[in-house]
Amino acid sequence: MSSSARRLSQWLAEPMPLRKVADLLGVDPSKASGLVRANRFPCRVTKLKGKYVALPADVMVALGIDDPIVRTGDLLAGAEFARRWD
């Protein structure tokens, strides 16, 4: 993989808060922390600065979403195409 190509999850590397992940996975957000503590949450979760978060790559796996390779040129071409419709 060239330096101008990365996996989608690498472009989306910002950790996601547990409440948002729970909502995406169809889990009651008020019960999410308890499921994490019981090791029963459907996605890998870690603690960052005292808060539970999940990486987009782990959320994608839990949702069954592929992690394709995205090339910088394709990303820029898509942005240019979208700009024409604004």
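The values are calculated or read from the model by the stated rules, or taken from the named source; none is laboratory data. All of these numbers come straight from a predicted model, not from anything done at the bench. When we count neighbours, we look across all protein chains shown, and the Cβ atoms used for this are built from the backbone with ideal geometry, even at glycine.
Listing for the model above:
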read-out: Residue check for ALA77: within 10 Å of the chain's Cα centre (by Cα) and not hydroxyl-bearing (Ser, Thr, Tyr); value: no
read-out: Hits in the range 1-23 - residues which are more than 20 Å from PRO68 (Cα to Cα) and touching a helix residue (DSSP H, G or I) at 6+ places or on another chain (Cβ under 7 Å); value: LEU18, ARG19, VAL21, ALA22, ASP23
read-out: Per-region count, the range 38-78, residues modelled with pLDDT of 95 or more, over 15 Å from ALA13 (Cα atoms) and part of a helix (DSSP H, G or I); value: 2
read-out: Those residues of the range 67-86 which are surrounded by 10 or more Cβ atoms within 10 Å (Cβ to Cβ), without any contact (Cβ under 8 Å) to a residue 40 or more places away in the chain and of a type in the set (Asp, Glu), in sequence order; value: ASP74
read-out: Residue list for the range 1-29, restricted to those being surrounded by fewer than 12 Cβ atoms within 10 Å (Cβ to Cβ) and at pLDDT 95 or above; value: GLY26, ASP28
